[in-house]
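Q: Have a look at this one before I ask anything.
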Amino acid sequence: MNMEFTKKLTKQKMIKIIKKSDLIVVGGGASGLMAAGTAAHLGLKVCLIEKTNRLGWKLSITGKGRCNVTNDCTSQEVIANVPTNGRFLFGALSHFSPSDVMKFFESLGVPLKTERGNRVFPQSDRAKDIVDALVHWNRDGGVQVIQGEVKKLFLEDESVKGVVLSDRETILAPQVILCCGGKSYPVTGSTGDGYLLAQQAGHTVIPPRPSLVPLCCKEQDCRDMMGLSLRNIGFQLYDTKKKKTVCTDFGELLFTHFGLSGPVVLSGSTHLKEMESGRYRADIDLKPALSFEKLDARLQRDFTKYHARDFVNGLSDLLPRLMIPVVVRRSGILESTKCADITREQRLSLVRLLKQLSFTVTGFRPIEEAIVTSGGVKVKEVDPKTMESKKIHGLYFAGELLDVDGYTGGFNLQIAFCTGRLAAQSVAQKVQNEKSF
């Protein structure tokens with residue numbers, strides 16, 4: 001550390017230097033724990049600053065408490081599942097691929113398993129095991145953890161010199177990695193602090209918005225079907241403004257009091273970059289395995305079987321109980337109409353409804369309910385080979401703070417781990433090179 005700079009700081013009123021390190025990591029989440037631990041095991045003196053009293057808090061609740069640590073796929077497949085700036089990750093993934101992540105956690109004594117969609121979880125189904133492994137690994141490496149809130153960066157001559165905490169205490173280090181997360185799940189510490197620090201350093205921040213988030217819908221029908229979960233349905237989001245399909249998917253969906261949720265909806269939300277109430281339409285194919293003609297034939301058989309029943313009672317073999325009143329209402333067919341009396345035109349209209357049950361999207365649920373945040377530090381201002389800022393020497397970024405986000409399935413934790421790993425390795429290499437001179 002430059003001695004003149006240190007003297008200058010100590011002369012400033014109410015500033016107290018409490019520590020000097022090779023590296024400061026701000027944020028004790030997935031990327032922060034990976035960065036701090038990696039740097040420490042590479043021989044650096046590391047200070048990890050976390051503002052809450054709990055390391056890995058958000059990590060401990062991911063995957064419904066099971067922690068989907070990565071996706072067992074190739075690096076190219078990861079990039080294909082990261083719709084926002086996926087190619088920026090090429091360098092990070094080449095250093096720490098999904099298979100590397102899996103080997104890493106198993107080397108820490110956490111057995112893993114792969115489930116549907118190549119999603120990787122700890123065999124115990126306990127996110128706590130992943131968090132504990134990372135925390136112990138950091139402790140074994142000698143990482144010093146400080147509970148505190150970073151209020152600003154100390155910058156001089158386009159270089160980072162350290163950070164200032166909320167109580168005006170200062171920690172000095174020639175390298176800082178910001179791993180502050182986004183704005184989702186703020187109770188865990190992700191409150192957008194990192195955006196302010198990045199802007200202080202002159203970086204552009206793409207306005208944060210929710211990603212992997214449920215969607216609010218206009219229709220009362222969603223509330224009427226609240227709690228109903230559908231499997232093996234077709235799903236698409238249609239942009240009525242540009243008159244084109246935004247995305248298509250197949251899988252599970254959940255009706256809620258506000259609209260739609262579930263895996264296909266969360267993944268679909270990542271495609272909605274410009275949210276306007278009423279602009280997007282969500283279409284559900286209730287029977288994607290059946291063509292229009294085969295579904296029509298199925299209805300004819302059911303109506304023949306229940307010819308003496310009222311229409312509302314003739315759909316029991318085809319649809320879930322909670323959905324029947326909604327479909328009957330939307331079909332325009334009186335519920336008391338006997339199945340035998342339903343006309344061909346009414347039946348074909350019903351088939352079209354079952355193949356495209358539509359809902360009007362009015363907006364995202366609050367960003368606090370999102371799994372991840374889209375937006376963040378503009379990646380064109382960050383070196384993808386090192387994660388170092390192109391504006392400030394010694395300043396690095398990792399994880400959700402960057403404008404990079406992926407679909408569900410372990411891709412976002414893979415992003416956190418590989419960017420945190422690369423940032424730490426880059427710092428260690430820089431320190432080694434400086435010592436060799």
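Q: Could you check, for the stretch 117-135, whether at least one of its residues is open to solvent by less than 10 Å² (accessible area, probe 1.4 Å), under 30 Å from Thr170 (Cα atoms) and assigned to a loop (DSSP other than H, G, I, E, B)?
A: Among the residues of the stretch 117-135, not one is open to solvent by less than 10 Å² (accessible area, probe 1.4 Å), under 30 Å from Thr170 (Cα atoms) and assigned to a loop (DSSP other than H, G, I, E, B), which makes the answer no.
Q: Inside the stretch 302-328, can you point out the residues that are charged (D, E, K, R) and either more than 13 Å from Leu350 (Cβ to Cβ) or touching a residue at least 60 places away in the same chain (Cβ under 8 Å) (or both)?
A: Lys305, Arg309, Asp310, Asp317, Arg321
Q: Further, regarding this structure: Can you tell me which residue in the stretch 280-301 is nearest to Arg344 (Cα to Cα), limited to those that are buried (at least 17 other Cβ atoms within 10 Å of the Cβ) and among the basic types (Lys, Arg)?
A: Lys287
Q: Would a scan of the stretch 318-326 turn up a residue that is touching a Cys at 6+ places or on another chain (Cβ under 8 Å) and either crowded, with 18+ Cβ neighbours inside 10 Å or of a type in the set (D, E, K, R) (or both)? Working first, answer last.
A: Start the filter on the stretch 318-326 by keeping residues that are touching a Cys at 6+ places or on another chain (Cβ under 8 Å), which leaves none.
No, the stretch 318-326 has no match at all.
Q: Restricting to the stretch 94-111, and then to whatever is under 21 Å from the mean Cα position of the chain (by Cα) and closer than 18 Å to Arg66 by Cβ, can you tell me which residue is most open to solvent (accessible area, probe 1.4 Å)?
A: For the stretch 94-111, the residue satisfying everything is Met102.
Q: Moving on to the next point. Does Lys380 qualify as being open to solvent by 40 Å² or more (accessible area, probe 1.4 Å), of a type in the set (D, E, K, R) and part of a loop (DSSP other than H, G, I, E, B)?
A: no
Q: Let me ask another. For the stretch 133-180, what are the residues that are small (Gly, Ala, Ser) and either farther than 20 Å from Gly194 by Cβ or in contact with a helix residue (DSSP H, G or I) (Cβ under 6 Å, 6 or more places away or on another chain) (or both)?
A: If the condition is that a residue be small (Gly, Ala, Ser) and either farther than 20 Å from Gly194 by Cβ or in contact with a helix residue (DSSP H, G or I) (Cβ under 6 Å, 6 or more places away or on another chain) (or both), then Ala133, Gly141, Gly142 are the ones that fit.
Q: If you don't mind, there's one more thing I want to ask. Which of (1) assigned to a strand (DSSP E or B); (2) in contact with a Leu (Cβ under 8 Å, 6 or more places away or on another chain); (3) in contact (Cβ under 8 Å) with a residue 40 or more places away in the chain does Lys151 not meet, given it meets every other one?
A: Failed condition: (3).
Q: A further question follows. If the Cβ limit is 9 Å and pairs must be 6+ apart or interchain, which residue in the stretch 276-287 that is without any contact (Cβ under 8 Å) to a residue 40 or more places away in the chain pairs with which residue that is buried (at least 17 other Cβ atoms within 10 Å of the Cβ)?
A: What qualifies is Glu276/Gly363.
The values are calculated or read from the model by the stated rules, or taken from the named source; none is laboratory data. It should be emphasised that the depicted structure is a prediction, and the values quoted were computed from it without experimental measurement. No Cβ is skipped: glycine too gets one built from the backbone with ideal geometry, and neighbour counts run over all protein chains shown. Heavy atoms of the whole protein, side chains included, go into the accessibility calculation; ligands, DNA and RNA do not. Shrake-Rupley method; radii C 1.70, N 1.55, O 1.52, S 1.80 Å.
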